[in-house]
Amino acid sequence: MATARIDIESRIGPVPLRTSYGSPQNKLRPNALSGAAREQNGVLDIARKCAIDRRFVAAGAELFAEGESSENLYIVLEGWLIQHRILEDGRRQILDFALPGAVIGYRTQPQAPFAFSAEAITNAEVAIIPLNRVTDMIRSGSENALTLLEAVNEALLGAFDTLTDIGRRTARESVAHFLLRMDRRIRRSTGSDGRGGLPFPLSQEHIGDALGLTSVHVCRTLSKLRSEGLVETGRGRLRIVDIDALSEDAGVAGCDTGDFRLAG
């Protein structure tokens, strides 16, 4: 387990000058953010109001490691991160993927160590919010606190979905369900309808480590889904071609091109 650090932010770099906008509050104004950060998103609104700074996390770099501690939580502004654990033999379990608007690292006690690691899989930017500000929001009954807690709860529901994928669904069912869930999350994050494809920077290894499958098994399953005309993947893109057929494979109902909640 990693040695606890007091100042995690000193390890990750400042936002590059090309995206610097002066004070933290000005840097987080709507027109200073790209992609999903321009979306009317309650969590991102909180980042603009409450963040003390933001940081750049290069692809492959850790935001924080399991066992470390920080007095802050983080809101993803741009890019993708993974939250994961590494077993003693080196195997990795991906617990969740953090897209723009995700809240990472919330704890009720700042001294409590992180129970997992957070690593960027693309270049990413995060807003830094002190946990004591969140505590003040909760005590005051602020709507901002409810928005943050809803985001944290949404991540918990996603973890329940992943647990079900791993424990009870077949490989084909779990991959199909995973793609449907990610399609929904990416569309919500980007504001896209997904018809022309969505950004999908995940490798077969990422999918396998999230679902408890080998990369070879994921490769075979994706190849079959592509050959049957259900999905298109590759070159960092995902497009669901036949959502009804993919939903049937996943064993879920209520899937459409809108903002559905998967139910199985």
Simple label model, 7 Å out from Cα along Cβ direction - Glu248 to Thr190, nm:
2.7
Per the Cα gyration tensor, the stretch 39-98 corresponds to an equivalent ellipsoid with semi-axes, largest first in Å, of 26, 13, 10
Between the alpha carbon centres of the stretch 124-158 and the stretch 164-243 the gap in Å comes to 29
The stretch 132-258: C-alpha pair distances exceeding 16 Å, %:
65
Segment Ala115-Ala159, extension gain: residue separation times 0.36 nm, minus the distance between their alpha carbons:
14.4 nm
Electrostatic dipole magnitude of the stretch 106-264 [Cβ: Lys, Arg +1; Asp, Glu -1; Cα centre; debye, to 20]
200
Can you bin every Cα-Cα distance in the stretch 178-222 into 5 Å intervals starting at zero and give me the percent of pairs per bin, rounded to whole numbers?
5, 22, 27, 20, 15, 10, 1
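Read the figures in this text as sums done on the coordinates, not as results from a lab. As the structure is a prediction and not an experimental result, all values here were calculated from the model. For neighbour counting, all protein chains shown are included, and Cβ atoms are generated from backbone atoms with ideal geometry for every residue, glycine included.
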